[in-house]
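Derivation of every value follows stated rules applied to the coordinates shown; laboratory data play no part. Note that the structure is predicted; figures quoted are calculated from it, not measured. In this analysis, Cβ positions are derived from the backbone assuming ideal geometry, glycine residues included, and neighbour counts consider all displayed protein chains.
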Amino acid sequence: MHQEYTVIEGDFVNAGKASSSVKKTLKQLNVNPQVVKRVVVALYEAEVNAIAHAYGGKVIVDIDADKIKMVVADKGPGIPDIALAMQEGYSTARPEVRDMGFGAGMGLPNMQKNVDRLNVTSEVGVGTTVEMEVNFQ
Amino acid sequence: MTLREIVDKLGATVGLGSDKLDMEVEHCFASDLMSDVLTLKDTPVLITGLCNVQTIRTCDMANLDVVIFVRGKRPTEDMVELADENDMVLICCQYSMFKTCGILYEAGMKPLY
């Protein structure tokens, strides 16, 4: 099953719509609730990042019988030092992002905790792509 | 403790889910930081002063069923609509977060960590 969603810069009202839709789909497919939670928490973190830090992007989701693959690709400033961004507590979030309850520097580390495979690629001035996979079993 | 007892102890009002007040809950978590809420193991109740649509969305993702808003914060219509879609309970109280936590802790609610 293939799903695509568009993410718009600064659109916090709709942040999480893709994750919410994926949650509904996985529940309908009777995926283990604990696995569903790991998937949607990681995807939501990535979605919020794209809205908070970039100029918009796409969420692409592919669901197979045994796993889900999620790609969140944004057009944005990129991440100059991915290893630093992966450190818990490191954040470059603007005050308005913090006002929404985010920007604590926990997003990328939390994605890593929740998924089975995480790959972050980024080019400064172009954008960032986060690829995540979670096995259902 | 039931949600009805929580509402009574806090002198709170129910913004959504008044039909679910017999739900038994044991653990609470208090935070305004949604990033922190997203790292929790399952807990039913969040106490927060952050009152925006992302509070509800975060609770949906983190499997939180009950939100207690402190300091007189009232959820907006779009928040109630989203919470309703996800069968959540929204409780509003006038007390500060500190006082809310103190009352519920004293009454026997347990911390997550």
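A few comments on the model shown:
- Whole-angstrom gap from region B:29-49 to region A:45-104, using each part's C-alpha centre: 20 Å
- Ratio Rg/Rh, restricted to the protein assembly as shown and using Cα atoms, in which Rh is the Kirkwood radius: 0.98
- 20 °C / 1.002 mPa s Stokes-Einstein diffusion coefficient of region A:63-137, Kirkwood radius on C-alpha pairs, µm²/s: 160 µm²/s
- B:Lys110/A:Glu96 FRET efficiency (R0 45 Å; Cβ-Cβ; nearest 0.05): 0.80
- Enclosed volume per residue, in Å³, of the convex hull spanned by Cα atoms of region A:2-135: 93 Å³
- Computed label-point distance, nm, for sites A:His2 and A:Lys67 using a 7 Å Cα→Cβ extension: 1.9 nm
- Projected label distance in nm at B:Glu77 and B:Lys99, using a 7 Å step from Cα toward the beta-carbon: 3.1 nm
- Percent antiparallel among DSSP beta bridges (both partners in the protein assembly as shown, rounded to 5): 70 percent
- Computed from backbone phi with θ = phi - 60° and the Karplus coefficients 6.51, -1.76 and 1.60, the 3J(HN,Hα) list for region A:16-25 is x, 5, 5, 4, 5, 5, 5, 4, 4, 4 Hz; x is used for glycine and proline.
- Compared with the rule-of-thumb size 2.2 N^0.38 Å for a compact globular protein, chain B has a Cα radius of gyration ratio of 0.93.
- Karplus (6.51, -1.76, 1.60) ³J(HN,Hα), θ = phi - 60°, over region B:63-80, in Hz, Gly and Pro reported as x: 6, 9, 9, 10, 10, 10, 8, 9, 6, x, 5, 10, x, 7, 4, 5, 5, 5
- Estimated FRET transfer efficiency (B:Asp87, A:Thr121; beta-carbon r; R0 35 Å; 0.05): 0.35
- Taking the C-alpha atoms of region B:42-86, convex hull volume expressed per residue in Å³: 57 Å³
- Where both bridge residues fall in chain B, DSSP classifies roughly 25% of the beta bridges as antiparallel.
- Using the Cβ-Cβ distance between B:Thr13 and A:Ile82 with R0 set to 45 Å, the FRET efficiency from 1/(1 + (r/R0)^6) comes to roughly 0.45.
- With helices as the sole contributors, chain A gives -10500 deg cm²/dmol at 222 nm; each DSSP H run of n ≥ 4 counts as -39500 (n - 2.57), and the sum is divided by every residue.
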